[in-house]
Amino acid sequence: MTKTELQTEALSRAQAGQSFSNYPAIIAGFLAKGIAEADILPRENVLTYHAWRAVGRQVKKGEHGVKVITFVPITKEVEKDGKAETIAYRRPWTATVFHFSQTDSIA
């Protein structure tokens, strides 16, 4: 997977996600960093490193984000009773998100 593909996929996952379960952790984490609650809009101005790169922004050097737990889809080929079978499941994954104020324009 190329960097561009990785960034595009990260952006689409960030914008199309269905779960709101990380919102309290995101808001609490950025409030602790001194960002006003009204300025914290997950999926709009809070994205992962690669998602920010996809929209033409770079996380500033030395910035620390907020860790959140997400679930990534996994498909696996398994042999069962001599037959190949595809199983699909989701596994937990930690991601770090950054606020817009922690980024600079690339161009």
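Laboratory data are not the source of any read-out in this text; all were calculated from the coordinates shown. Owing to the predicted nature of the structure, the values given are computational and were not obtained by experimental measurement. Because the Cβ atoms are built from the backbone with ideal geometry, glycine has one as well, and the counts that use them run over all protein chains shown.
Structural remarks
- TRP93 versus ILE74: modelled label distance in nm, points set 7 Å from Cα along the beta carbon direction: 1.1
- When segment 66-107 is reduced to its Cα atoms, the Kirkwood hydrodynamic radius in Å: 13.6
- 0 to 90° range, to nearest 10: angle between helix 3-16 axis and the chain longest Cα axis: 80
- Cβ-derived FRET efficiency at R0 41 Å, LYS83 paired with ILE106, nearest 0.05: 0.25
- Of the peptides 4-14, 94-104, 41-51, the ranking by mean beta-carbon count within 10 Å, highest at the top, reads 41-51, 94-104, 4-14.
- At q = 0.16, 0.18, 0.25 Å⁻¹ the log10 of I(q)/I(0) for segment 1-76 amounts to -0.64, -0.80, -1.35, computed by Debye summation with a single uniform scatterer per C-alpha, solvent ignored.
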